Amino acid sequence: MANAESKTRVLIAKPGLDGHDRGAKVIARSYRDAGFEVVYLGLHQSPEQIVNAAIQEDVDLVGLSCHSGAHMFLFQEVIKLLEQRGGGDIAVIGGGIIPRDDIPELKKAGVKGIDVGGLGGTSFSAVEYFRARSAGDKTRANIGQTFWNWGIPTPVSVVLANVGLPVIATGGLRSGLDVARAISVGASAGGMAGRLLPAALDGRERLSHELGMIVQELKAAMFLVGAKDISELAASRALITGRSKEWLDQLSE
């Protein structure tokens with residue numbers, strides 16, 4: 001727990017050519033508002049730049065976000081360079097568009113957790129649609145509109161990504177009840193931007209109030225299923241229905 005005498009120091013960075021930084025900024029600000037000391041490097045950072053900053057700033061944790069598909073090289077390179085520079089005790093967490101088959105290799109490399117962003121939250125195809133439309137690019141706008149709802153539902157993503165690493169479920173989580181659902185199917189934690197970002201932009205007091213409401217919603221869900229703590233919630237039997245069940249049934253065949 002961070003305190004005034006010895007605050008935990010966190011570095012957040014976007015390695016490689018990935019240009020999507022909204023989520024990373026929300027995470028950085030959330031850490032800061034929670035009392036952590038945060039170093040935010042921003043976009044287009046090389047592994048060497050990230051490691052140099054981590055060593056110089058004496059951080060305790062490095063958070064990486066990558067949506068470009070280059071996570072296997074970038075994450076492992078950061079971990080390797082940290083070990084070479086005497087920073088092997090610095091924890092590394094990562095998130096982005098990460099296929100299930102890559103997660104065991106990332107675990108072997110030393111990654112401490114995975115942020116799984118499933119279908120239900122921000123649609124990057126939709127983002128590209130609006131960007132293309134603003135630029136007058138009808139071809140790209142059509143592609144963005146066509147693939148607006150492309151993706152794997154968040155509950156399915158969590159189940160598939162559960163290979164022994166802590167999993168952070170994101171993508172469509174909007175309440176403490178959604179966090180409870182995510183934990184019940186294998187997530188270690190839940191993340192949400194749509195509800196918290198406006199609160200964070202409005203200031204610490206509103207963000208604290210919104211987080212308190214989410215915690216109360218989570219506690220209510222736990223009470224309703226008879227879970228005394230998070231471990232009991234995680235051990236509860238989840239009933240998966242609808243499209244997510246269809247996905248899992250087909251994948252198990």
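Summary table
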read-out: Dipole moment magnitude, nearest 20 debye, the chain about Cα centre, only Lys, Arg, Asp, Glu C-beta charged; value: 580 debye
read-out: Residues GLU105, GLU77 arranged by fewest to most Cβ contacts within 10 Å; value: GLU105, GLU77
read-out: About the Cα centre, charge dipole magnitude for the range 1-112 (Lys/Arg +1, Asp/Glu -1 at Cβ), debye; value: 260 debye
read-out: Shape category assigned to the range 127-253 from the gyration tensor of Cα positions, a/c cut at 1.5; value: oblate
read-out: Debye, to nearest 20: dipole size of the range 1-54, +1 on Lys, Arg Cβ, -1 on Asp, Glu Cβ; value: 140 debye
read-out: Positive minus negative residues near ALA234 (Lys, Arg vs Asp, Glu; Cβ under 14 Å); value: +1
read-out: For the chain, with +1 on Lys and Arg beta carbons and -1 on Asp and Glu, the positive-most of VAL78, LEU41, TYR129 along the dipole; value: TYR129
read-out: Label corresponding to Cα Rg over 2.2 N^0.38 Å when calculated from the structure given, among (1) 1.83; (2) 1.77; (3) 1.04; value: (3)
read-out: Taking the range 1-112 and dividing mean pair separation by its residue count, relative contact order in percent (alpha carbons under 8 Å, at least six apart); value: 27 percent
read-out: Around ASN142: net Lys/Arg minus Asp/Glu count, Cβ-Cβ under 15 Å; value: +2
read-out: Interatomic Cα distance distribution for the range 1-112, bins of 10 angstrom, percent; value: 15, 49, 32, 4, 0
read-out: Helix-derived mean residue ellipticity, 222 nm - over the chain, DSSP H n ≥ 4, -39500 (n - 2.57), to 500; value: -15000 deg cm²/dmol
read-out: Kirkwood Rh in Å, taken over the range 196-242 so that all alpha-carbon pairs contribute; value: 12.4 Å
read-out: For the range 212-253, with +1 on Lys and Arg beta carbons and -1 on Asp and Glu, the positive-most of GLN250, ALA238, VAL215 along the dipole; value: VAL215
read-out: Lys pairs, the chain - Cα-Cα below 16 angstrom, 8 or more residues apart or on other chains; value: 5
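Since every read-out is calculated from the coordinates, none of them should be taken as a lab result. Here the structure is a predicted model, which is why all the values come from computation and not from measurement. Positions of Cβ are generated from backbone atoms using ideal geometry, with glycine treated the same way; all protein chains shown enter the neighbour counts.
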